[in-house]
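The next block holds one structure in the form of structure tokens; read it before the comments.
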Amino acid sequence: MTAKTALTPETLESAHCTFAGPAISFRPFAPARASSTPAATAGFVLFCVYLLSGFANDWSLRLFGSKAYLSAVTLVLLPLAWLFSGNALRGFHTRTGRCWIAFLLWMLLAAPFSVWRGGSAALIVNYVPRAWFCFFYTCSFVTSLRRCRQLMYVQIAAAAALLLTCAVFGGPGGDTETRFRIPESLFYANSNDLALALLLGISSFLFLLAHPGIGARLAGAAGVLLAAFYAFQTGSRGSAIAASSMFGLIFWLSRGKWKVIALALAVLGALFAASIAGAPSSTLHRLSLLVNDPASSRSESTADLASVASQKQRQELFNTSLRYTLMHPLLGVGPNQFPSAVEQDAARSGQYTPWLGTHNSYTQISSECGIPALIFYAAVIVFCLRSNFRLYLATRDRPQHRELAALSRCLLAGTCVYAVSAFFFHMAYSADLPLLAGFTVALQLVSGAGQSPRIHIVTA
């Protein structure tokens with residue numbers, strides 16, 4: 001089948017075409033055009049401010065001793081802009097959106113059966129406006145390719161602000177904690193949280209590497225190298241696996257594999273510089289435990305023993321979360337109540353246990369909200385991976401769709417980082433997935449692929 005109309009970003013929404021490329025056929029459906037109203041424009045601006053407000057609060061607390069309260073203001077105005085945007089239901093008509101709604105509904109159903117109903121209610125009240133709704137804000141406000149580009153630049157600005165924060169305030173946690181983090185930060189006082197944010201920042205900097213301008217490419221390369229430099233110093237083993245997965249995926253999909261190899265070599269150079277200039281030997285040894293058997297380690301340093309103990313503790317928590325999943329398969333022990341359930345069980349036997357999460361987002365959902373909630377949650381991740389993968393394959397060989405290819409590659413890399421990191425961190429109630437999923441759906445709708453793209457590999 002041949003194209004019936006000229007293939008431009010404006011006509012993609014209504015085109016039915018076949019890309020003349022290496023064995024790839026792309027036939028999008030035609031979604032309804034999104035309206036561009038003053039409320040939608042105001043909502044987009046407010047949403048961008050909200051995404052940057054965390055850094056404003058962090059810096060304001062350090063410099064002036066009080067928050068900037070930008071997030072509080074935008075959280076009040078965003079629902080109003082969303083309701084009057086004319087696009088409030090835009091994300092509801094996609095499979096990803098329906099799964100996202102089903103995930104929340106199951107959380108609400110599980111809350112009354114929680115081991116601590118007050119704690120679950122507090123989690124939901126905080127999570128829904130600050131994180132869950134980000135999916136629908138993105139779908140409703142990001143209604144054109146231009147806004148997709150602008151939102152990516154906002155994410156790049158957030159990643160740059162994180163690098164600046166690392167440079168100014170970052171350091172080891174203390175005498176006994178040598179891993180790099182941002183002490184007293186509202187969001188990145190934990191090394192693992194910081195490492196994940198840096199990896200997601202790398203996925204955003206990839207957009208600049210696809211820019212035709214040499215200045216943008218140099219800025220993107222510098223962002224990737226600096227983010228890798230700081231991420232390495234966190235000593236996060238889960239993030240190391242996620243980073244390897246992301247670069248492996250990019251290498252596999254890239255046409256210019258030599259460019260990916262050059263970037264990988266530059267990153268290795270940055271890591272070598274970090275090992276000499278900044279990262280203590282304990283950080284290097286902690287990462288080496290990924291390939292070395294902890295039981296065979298002969299080091300008896302405090303940091304080394306702590307790393308081995310942390311690894312064993314995570315395995316025990318994982319096993320416990322699986323046990324709770326099997327004991328409460330439908331509704332779990334209550335949203336955000338895994339630590340409370342563990343503590344209650346330990347108290348009955350006269351034992352003490354530290355207040356710790358599952359260290360696995362998938363079993364966090366299954367043990368706290370039930371297996372159906374996990375299915376909805378995992379489906380959102382799968383839809384995002386598939387949608388971005390298909391859109392990237394369909395556009396990577398089309399120079400006129402350079403931006404679509406670059407955006408889909410960034411989102412594919414970011415979703416890959418999140419999907420792998422979720423095996424090692426309990427972050428199920430963060431804003432990372434709703435932002436990635438909302439951006440993915442918005443890009444699919446803008447490109448015309450929607451959530452039901454008919455893209456297939458021609459095997460002839």
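Brief remarks on what is shown
- Taken about its Cα centre, segment 45-179 carries a charge dipole of about 500 debye when Lys and Arg each add +1 at the Cβ and Asp and Glu each add -1 at the Cβ.
- Three-way shape call for segment 26-145 based on the alpha-carbon gyration tensor, with the a/c threshold at 1.5: oblate
- Gain on full extension, evaluated as 0.36 nm per residue between Ala264 and Ile375 minus their Cα-Cα distance, stands at 36.5 nm.
- Taking only the alpha carbons of segment 373-451, we obtain Rg and Dmax values of 12.8, 41 Å in that order.
- Shape category assigned to segment 323-441 from the gyration tensor of Cα positions, a/c cut at 1.5: prolate
- Highest average packing first - 146-155, 203-212, 341-350, Cβ atoms within 10 Å: 203-212, 146-155, 341-350
- The chymotrypsin sites (Phe, Trp or Tyr not before Pro) of segment 352-409 that meet both conditions, a loop assignment by DSSP and at most 15 other Cβ atoms within 10 Å of the site Cβ, are Tyr352, Trp355.
- Three-way shape call for segment 123-234 based on the alpha-carbon gyration tensor, with the a/c threshold at 1.5: oblate
- Between Phe169 and Arg117, full extension at 0.36 nm per residue minus the direct alpha carbon distance yields a gain of 14.9 nm.
- Environment charge of Ala406, counting only residues whose C-beta is closer than 10 Å and scoring Lys/Arg +1, Asp/Glu -1: +3
- Comparing segment 69-124 with the 2.2 N^0.38 Å rule of thumb, its C-alpha radius of gyration ratio is 1.45 (two decimals).
- Rounded FRET efficiency, nearest 0.05, which uses the C-beta distance separating Asn126 from Thr41 and R0 of 22 Å: 0.20
Since every read-out is calculated from the coordinates, none of them should be taken as a lab result. Treat the numbers as computed from the prediction; the structure is a model and nothing was measured. Cβ: placed from backbone, ideal geometry, glycine included. Neighbour counts: every protein chain shown.
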